1. Evaluate the range 49-62: report whether one residue or more is loosely packed, with under 14 Cβ neighbours inside 10 Å and touching a residue at least 40 places away in the same chain (Cβ under 8 Å).
2. Given the options 52, 39, name the one that is of a type in the set (A, V, I, L, M, F, W, C) and at positive phi.
3. Can you confirm whether the range 69-90 contains a residue that is in contact (Cβ under 8 Å) with a residue 40 or more places away in the chain, closer than 16 Å to residue 102 by Cα, of a type outside the set (Ser, Thr, Tyr) and out of contact with any Phe, Trp or Tyr (no Cβ under 7 Å at 6 or more places or on another chain)?
4. If residue 25 passes every condition in (1) of a type outside the set (Phe, Trp, Tyr); (2) in contact with a helix residue (DSSP H, G or I) (Cβ under 6 Å, 6 or more places away or on another chain); (3) surrounded by fewer than 12 Cβ atoms within 10 Å (Cβ to Cβ) but one, which one does it miss?
5. Can you pull out the residues in the range 70-100 that are basic (Lys, Arg) and either in contact with a Cys (Cβ under 9 Å, 6 or more places away or on another chain) or under 16 Å from residue 7 (Cα atoms) (or both)?
Amino acid sequence: MFPQKIKTKRVYEPPEPDDGLRILVDRVWPRGLSRQRVAADLWLRDIAPSDALRKWFGHRPERWQEFVQRYHRELDARPELVSELEDYLARGPVTLLYSARDPGMNQAVALVEYLRTRRRTHGTEPRQARSGPPPTVPANGQSLELAEPPEEGTRRISPRGRPQRPGRLSK
């Protein structure tokens, strides 16, 4: 069932075996963390709120509801990224990583809410995986390699923890 397949976790927390596919959903790389410490399999930078929305919100609790509404409108405008995330959900458990301090008010929580609302309004379960075997998370913390080049908005993470250009595979 969908709610058990997706969870959120602060990027500063250590990875756990039940995390499944770990996807960083921040627009900027978490301050002071190496690639190994983050242990993200993918960085979906463009699914994060826009810089303007992120700066406007500023993690002010009184702006939370408006932030969620605006972020959901941004997600409505990027259905290809939402579909990509739904594909990963169809393959197995997913953990959305965020760097915000507040575990209840951050873009990962808003993104999960969006996915659940979308499922209820469209009356569908997350889509079935497109093709191929389900991804597995390497035990050694290396980046997960996909059979196809990443979609627009997907960032690979280089061995030095820096994002690479879309379509370029990490070693």
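Just so it is clear, none of the values below were taken in a lab; they were calculated from the coordinates. All of these numbers come straight from a predicted model, not from anything done at the bench. Please note: Cβ atoms are built from the backbone with ideal geometry, for glycine as well, and neighbour counts cover all protein chains shown.
1. yes
2. Details: 52 fails: at positive phi.
From the options 52, 39, the qualifying one is 39.
3. Pass one, the range 69-90, residues in contact (Cβ under 8 Å) with a residue 40 or more places away in the chain: 71-72, 78, 80-81, 83-89.
Filter once more, keeping what is closer than 16 Å to residue 102 by Cα: none.
No, because not a single residue in the range 69-90 is in contact (Cβ under 8 Å) with a residue 40 or more places away in the chain, closer than 16 Å to residue 102 by Cα, of a type outside the set (Ser, Thr, Tyr) and out of contact with any Phe, Trp or Tyr (no Cβ under 7 Å at 6 or more places or on another chain).
4. Single failed check for residue 25: (3).
5. Here is the first cut: in the range 70-100, the residues basic (Lys, Arg) are 70, 73, 78, 91.
Across the range 70-100, the qualifying residue is only 91.
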